[in-house]
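*Asks:* One structure follows; several queries about it will come next.
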Amino acid sequence: MKDTALSTTHEALGAKMVPFAGYNMPVQYEGVNAEHETVRKAVGVFDVSHMGEFLIEGPNALALIQKVSSNDAAKLDIGNAQYSCLPNDDNGVVDDLIIYKLKEETYLLVVNASNIEKDWNWIASKNDVGAEMRNLSEDYSLLAIQGPKAVEAMQSLTSHDLSAIKFYNFIVGDFAGIENVIISATGYTGSGGFEIYCKNTEVKQVWDKVFEAGAEFGIKPIGLAARDTLRLEMGYCLYGNDIDDTTSPIEAGLSWVCKFNKEFTNSEALKAEKENKPERKLVAFKLDERGIPRHGYPIVDAEGQTIGEVTSGTMSPSLSIGIGMGYVTKAYAAVDSKIFIQVRKKAIPATVVKPPFYKG
């Protein structure tokens, strides 16, 4: 089990630590609902240093990225970030990721912790263009500072105007007394804020100064459990739950990151699937009665026939109702469709909705 550079810090703060993607990670501190509310109303900090970072460089860096990723990275200017996915050869998804353009011919790919080795091997297997690849995952830390007060709380730590960094844009600059930090207006919560990339040797100083600066704004450390409820309220996919090697980006509702103006891995098959409409679709749903949908629960029709399965589900802390996502046959995929979630012996009625659940 690997530690992040801050594992002992979390333990000292009384975090409940759990194994996650091979790392010893804080799942919660004071409780999921309280931490969730902190991010929705104030500002909270997640240690997500288990995420993977790959540097792709050289004159053929873009050619490799265009080949392995579904989105069009040619549209990126320096300072832009882009959500994308890595399709496999069998209509599935190797991973979803964020691509940052750091300089001309230099890109940073940020991938899911559980897929670091798999992604590295996959991209390397497609690298017949001689792009330079470096795996920085073991050397870098990542903090997600999320919430509506994030800009105000963190402004004193940098000479840059944080309010000027637009969503899915970033700068490289000074932060918390450290130079060359990536300050990225990205995140997985839907409540605004930043993600901070720095070296493992620098992250403790950054963490301490972040909490010092944020004290008057009610800043708190947040665990992975609240990260999951926050992302689910936004309808964001989680790799391993809502997307995986067997789910196509088209049926997962990610056709918006599949740009067919270029060729990429399995693009012809995915284009055909988009045109012909997939047989099943990932939908968001709200329970009409009390109950908590969970990953793996069957989704049935009014006659009790199985039409799909829940991929993510929880009791929404913001809305106090059961919410979830799952794949259903296309006949039940339209908004306002009535479906039922099989919770043990009871089929609880639910309605298909358009995400996000939480509107802010």
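The values are calculated or read from the model by the stated rules, or taken from the named source; none is laboratory data. None of the values given here were measured: they were computed from a predicted structure. Here the Cβ positions follow ideal geometry from the backbone for every residue, glycine too, while neighbour counts run over all protein chains shown.
*Asks:* N200 is checked against (1) touching a Cys at 6+ places or on another chain (Cβ under 9 Å); (2) surrounded by fewer than 18 Cβ atoms within 10 Å (Cβ to Cβ); (3) in the same structural domain as G190 (by TED's automatic domain parsing) and fails just one. What number does that condition carry?
*Replies:* (1)
*Asks:* Still on this model: Among the residues of region 266-280, is any modelled with pLDDT of 95 or more and in a strand (DSSP E or B)?
*Replies:* Checking region 266-280: at least one residue is modelled with pLDDT of 95 or more and in a strand (DSSP E or B).
*Asks:* In region 281-320, which residues are under 18 Å from V335 (Cα atoms) and aliphatic (A, V, I, L, M)?
*Replies:* Across region 281-320, the qualifying residues are L282, V283, A284, L287, I299, V300, A302, I307, V310.
*Asks:* Criterion first (in the same structural domain as V32 (by TED's automatic domain parsing), assigned to a loop (DSSP other than H, G, I, E, B) and not acidic (D, E)) does G291 satisfy it?
*Replies:* On the way: in the same structural domain as V32 (by TED's automatic domain parsing): no; assigned to a loop (DSSP other than H, G, I, E, B): yes; not acidic (D, E): yes.
No: the conditions fail for G291.
*Asks:* Could you list, in sequence order, the residues of region 17-75 that are free of Cβ contacts under 8 Å to residues at least 24 places away in the same chain and touching a His at 6+ places or on another chain (Cβ under 8 Å)?
*Replies:* M17
*Asks:* Consider I222 carefully, then state whether it is among the aliphatic types (A, V, I, L, M), surrounded by fewer than 19 Cβ atoms within 10 Å (Cβ to Cβ) and closer than 26 Å to M17 by Cβ.
*Replies:* Spelling it out, it is not the case that I222 is among the aliphatic types (A, V, I, L, M), surrounded by fewer than 19 Cβ atoms within 10 Å (Cβ to Cβ) and closer than 26 Å to M17 by Cβ.
*Asks:* Testing E233 on (1) farther than 22 Å from N115 by Cβ; (2) surrounded by fewer than 23 Cβ atoms within 10 Å (Cβ to Cβ), one condition comes back false. Which one is that?
*Replies:* Every listed condition holds for E233 apart from (2).
Residue-wise test of (1) farther than 18 Å from F211 by Cα; (2) of a type in the set (F, W, Y); (3) over 20 Å from the mean Cα position of the chain (by Cα).
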position: A15; (1), (2), (3): no, no, yes
position: V18; (1), (2), (3): yes, no, no
position: V39; (1), (2), (3): no, no, no
position: L55; (1), (2), (3): yes, no, no
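*Asks:* Are any residues in region 297-323 within 23 Å of the chain's Cα centre (by Cα), within 17 Å of R280 (Cα to Cα) and surrounded by 20 or more Cβ atoms within 10 Å (Cβ to Cβ), and if so, which ones?
*Replies:* Result: Y297, V310, T311, S312.
*Asks:* Restricting attention to region 237-275, report how many residues are more than 15 Å from the chain's Cα centre (by Cα), within 23 Å of V310 (Cα to Cα) and surrounded by fewer than 17 Cβ atoms within 10 Å (Cβ to Cβ).
*Replies:* Residues that pass the stated criteria total 4.
*Asks:* Can you pull out the residues in region 324-352 that are within 26 Å of the chain's Cα centre (by Cα) and closer than 16 Å to E279 by Cβ?
*Replies:* We begin by selecting, within region 324-352, every residue within 26 Å of the chain's Cα centre (by Cα); these are 324-330, 333-335, 341, 350-352.
G326, Y327, V328, T329, K330, A333, A334, listed by residue number.
*Asks:* Now for a different question. Evaluate the following for N121: is it touching a strand residue (DSSP E or B) at 6+ places or on another chain (Cβ under 6 Å) and among the polar types (S, T, N, Q)? So that I can check it myself, show each step before the final result.
*Replies:* Values: touching a strand residue (DSSP E or B) at 6+ places or on another chain (Cβ under 6 Å): no; among the polar types (S, T, N, Q): yes.
Against the criterion (touching a strand residue (DSSP E or B) at 6+ places or on another chain (Cβ under 6 Å) and among the polar types (S, T, N, Q)), N121 does not qualify.
*Asks:* Continuing with the same structure: Looking only at region 147-166, decide whether some residue is within 21 Å of G52 (Cα to Cα), in the same structural domain as K41 (by TED's automatic domain parsing) and crowded, with 22+ Cβ neighbours inside 10 Å.
*Replies:* no
*Asks:* I've got another one for you. Checking A42 against (1) outside the structural domain of E117 (by TED's automatic domain parsing); (2) more than 30 Å from I321 (Cα to Cα), which test does it fail?
*Replies:* (2)
*Asks:* When the residues of region 119-163 are narrowed to those that are farther than 24 Å from V206 by Cα and hydrophobic (A, V, I, L, M, F, W, C), which ends up farthest from the chain's Cα centre (by Cα)?
*Replies:* Residue satisfying both the conditions and the ranking: V129.
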